[in-house]
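Just below is one structure, and these are the notes that go with it.
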Amino acid sequence: MVTGKIIIITAPSGSGKTTLVKRLLAACPQLEFSISACTRSPRPGEVHGKDYYFYQEDEFKKLIGADAFIEWEMVYTGKYYGTLKTELHRIWDAGKCPLVDIDVQGALAISDKYRSVSHSIFIEAPSIEILRERLIKRGTETAHTLEERIDKAKLELTFAPKFQRIIINDNLETATKELIETVEEFLH
Ligand code: 5GP
């Protein structure tokens, strides 16, 4: 059962979403980041229970079987990601509003299901070339996973009009301001 509001943010990989989300969380203390479960390996510095709940595939599948997720997706080949019901309730019970930062399909699934209590935001990079440059600069991808992320981003861009708000991240300051404004308007 849903007992509060939900902010849903999605973006193709490399659109600068992580920086914007950090700024939004700093500006809006009533928001709390919803920690997803996933089966990919932690990157250097990532911590279980802070960045993600990291699970083995068999554990994740058991959670699917137990109906523990509000949504889940195989976001990349063989890599599962999902939003746990317990995570949203943990945040609502603390009197806060969860911010779910998830892939486009997951975001659409939640916003369709909870339209009246959610605000869905799509963050767009100014171009696929800029997105490619940002991903290369981040240095976390192999040639193969880079191409997979670019292909996925191209497909994801076609879904942008389904979101309640689109923010183009060509200028970080402007995009931050727009993001904070739309979230505050929804929360109040
Ligand atoms: P990364 O591996 O770079 O941390 O995340 C890869 C993608 O998975 C990102 O687009 C991120 O938004 C998405 N993601 C993270 N958590 C979830 C989740 O709980 N559900 C879904 N559907 N996607 C998620």
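When +1 charges are put on Lys and Arg Cβ atoms and -1 charges on Asp and Glu Cβ atoms, the dipole computed for the range 1-129 relative to its Cα centre reaches about 300 debye. With a cut-off of 11 Å between beta carbons, the residues surrounding Thr145 carry a summed charge of 0, where Lys and Arg count +1 and Asp and Glu -1. Along its first, second and third principal axes, ordered by size, the range 6-187 spans 41, 40, 30 Å in Cα coordinates. When the listed pairs Lys79/Lys137; Lys85/Lys137; Lys5/Lys154; Lys96/Lys177; Lys85/Lys154 are checked against a 28 Å cut-off, the alpha-carbon distance exceeds it for Lys85/Lys137; Lys5/Lys154; Lys85/Lys154. When the solvent-accessible area of the chain is split by element, carbon and sulfur atoms take up 55 percent of it, the probe being 1.4 Å. What does the charge count around Phe122 come to, taking other residues whose C-beta lies under 15 Å from its C-beta (Lys +1, Arg +1, Asp -1, Glu -1)? With Lys, Arg at +1 and Asp, Glu at -1, the neighbours total -2.
Backbone geometry of the range 90-96 corresponds, through the Karplus equation with coefficients 6.51, -1.76 and 1.60 at θ = phi - 60°, to 3J(HN,Hα) couplings of 4, 6, 4, 4, 7, x, 10 Hz, x marking Gly and Pro. For Arg40, the residues whose modelled amide H falls within less than 5 Å of its own, excluding neighbours fewer than 5 places apart on the same chain, are Tyr80.
Sorting His188, His119, His48, His144 by solvent-accessible area of protein heavy atoms yields His188, His144, His48, His119, largest first, with a 1.4 Å probe. Amide H contacts of Ile123 (H built 1.01 Å from N, in plane; Pro and chain starts excluded): Thr10, Ala11, Ile167 sit under 5 Å, all sequence-distant by 5 or more or on other chains.
Expressed as a fraction of 2.2 N^0.38 Å, the value expected for a compact globular protein of N residues, the C-alpha radius of gyration of the range 31-118 is 1.06.
Accessible area per residue for the range 62-188 is 52 Å², calculated with a 1.4 Å probe on protein heavy atoms, without ligands, DNA or RNA. Using C-alpha pairs under 8 Å with a sequence gap of at least 6, the mean separation divided by the residue count of the range 1-116 gives a relative contact order of 39 percent.
The values are calculated or read from the model by the stated rules, or taken from the named source; none is laboratory data. Model, not experiment: these values are computed from the prediction. We place every Cβ from the backbone using ideal geometry, glycine too, and count neighbours over all the protein chains shown. Note: areas computed on protein heavy atoms with side chains; ligands, DNA, RNA excluded. Shrake-Rupley method; radii C 1.70, N 1.55, O 1.52, S 1.80 Å.
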